[in-house]
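So the structure is just underneath, and the comments pick up after that.
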Amino acid sequence: MESKTIALEDAQDIVVARNQVRSIAAALGFRAIDQTRLATVASELARNVIKYAQRGRLIAQPTESAEGRQALRLIFEDRGPGIPDIAAAMSDGFSTGRGLGFGLPGSRRLVDEFKIESEVGRGTRVTVLRWKA
Amino acid sequence: MSARIPILKVGRVLIVPIQVDMDDQTAIQLQERILTELERTGARGVLIDISLLEMVDSFIGRMLSDIAAMSRIMDARTVVVGMQPAVAITLVELGLELKGVETVLNVDEGFKLLRDEFDGADEEYAYRGLGAIGKQDNRT
Ligand SMILES: Nc1ncnc2c1ncn2[C@@H]1O[C@H](COP(=O)(O)OP(=O)(O)OP(=O)(O)O)[C@@H](O)[C@H]1O
Ligand SMILES: [Mg+2]
């Protein structure tokens, strides 16, 4: 299956992102619970893009291991303010936006691989991956 | 974009069946509308049916906590019914406790819980009703 890019421009795109991710996960044959996990991660991380960087994009990338094991990779990219202290941002309950502060650390718990790259003044990229059970 | 979510009043309970995937704005508006209805009707319970919601993220989770907290201030009890198992598991993994939110499996149990809450008042009401009938009986 091909990669798909979803523009994140306004709050409505958060809904689009989670629905698209769910249907891609469903088409790849992910279990219902994993579809819910991936849709929830998409909702959290797309909201961060809109909330902190105003806009960005999501790339949903079906992928496969050498042994033919399937996975879905989601890449959230923005050219927003960046995150000065990634360790702090990754801890439960940390928020600069009066949120609950569970978006980043919670999302990490919902996937198998989680990577965050950020540079102040340049932007943020969060890459997550979940293997098909 | 998304359809307006109905708020139904049955006795002293507001029933809110969430049947659409809410964007953030719709969620905020729903919260405000529930509070307005509580004030207007003096309802004592709020039953939020989320059985059709396929995902609850931190935003919707916080909305549910906020509704529960605010209804408590207005002397009403909020019960969330029908959370799908996959949604419940995901919420726990996210780390959200839905503080102060009571959850039950279905609408019947939700009503049972709320009826318990009003029992005293219900009995009082029934008692007065019976008293009136008794008087009538005496006259005939
Ligand atoms: N894309 C981003 N660009 C800049 N800063 C970000 C971005 N994503 C997250 N952050 C920073 O990391 C913090 C933690 O993010 P996280 O999603 O965990 O919590 P939150 O968004 O504050 O609250 P919640 O998601 O629970 O509503 C944010 O408060 C913000 O400071
Ligand atoms: Mg967040």
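Just so you know, all these numbers are worked out from the coordinates, no wet-lab data involved. All values reported here derive from a predicted model rather than from experimental measurement. Please note: Cβ atoms are built from the backbone with ideal geometry, for glycine as well, and neighbour counts cover all protein chains shown.
Observations on the model:
- The mean sequence distance of close C-alpha pairs (under 8 Å, at least 6 residues apart), as a share of the length of segment B:8-107, puts its relative contact order at 29 percent.
- Counting only aspartates and glutamates at least 8 places from B:LYS99 when in the same chain, those with an alpha carbon closer than 18 Å to its own are A:ASP92, B:ASP49, B:ASP57, B:ASP66, B:ASP75.
- Cross-link reach list, lysines versus A:LYS115, counting only Cα pairs under 26 Å and skipping chain neighbours closer than eight places: A:LYS4, A:LYS51, A:LYS132
- Length gained on full extension, B:MET74 to B:VAL92: 3.6 nm, using 0.36 nm per residue less the C-alpha separation.
- Sequence of B:ARG4, A:ARG98, A:ARG22, A:ARG55 once ranked by neighbouring C-beta atoms within 10 Å, starting from the fewest: A:ARG98, B:ARG4, A:ARG55, A:ARG22
- Debye, to nearest 20: dipole size of chain A, +1 on Lys, Arg Cβ, -1 on Asp, Glu Cβ: 220
- If only the Cβ of Lys and Arg carry +1 and only the Cβ of Asp and Glu carry -1, the dipole of the protein assembly as shown around its Cα centre is close to 260 debye.
- Relative contact order (%) - criterion: Cα under 8 Å, at least six apart; region: chain A: 25
- Whole-angstrom Cα spans of segment B:13-108 along principal axes, big to small: 36, 29, 22
- At q = 0.26, 0.30, 0.34 Å⁻¹, base-10 log of I(q)/I(0) for segment A:19-64 (Debye sum, equal scatterers on each alpha carbon): -0.92, -1.07, -1.21
- Its relative contact order, with pairs defined as Cα atoms under 8 Å and 6+ residues apart, puts segment A:1-70 at 47 percent.
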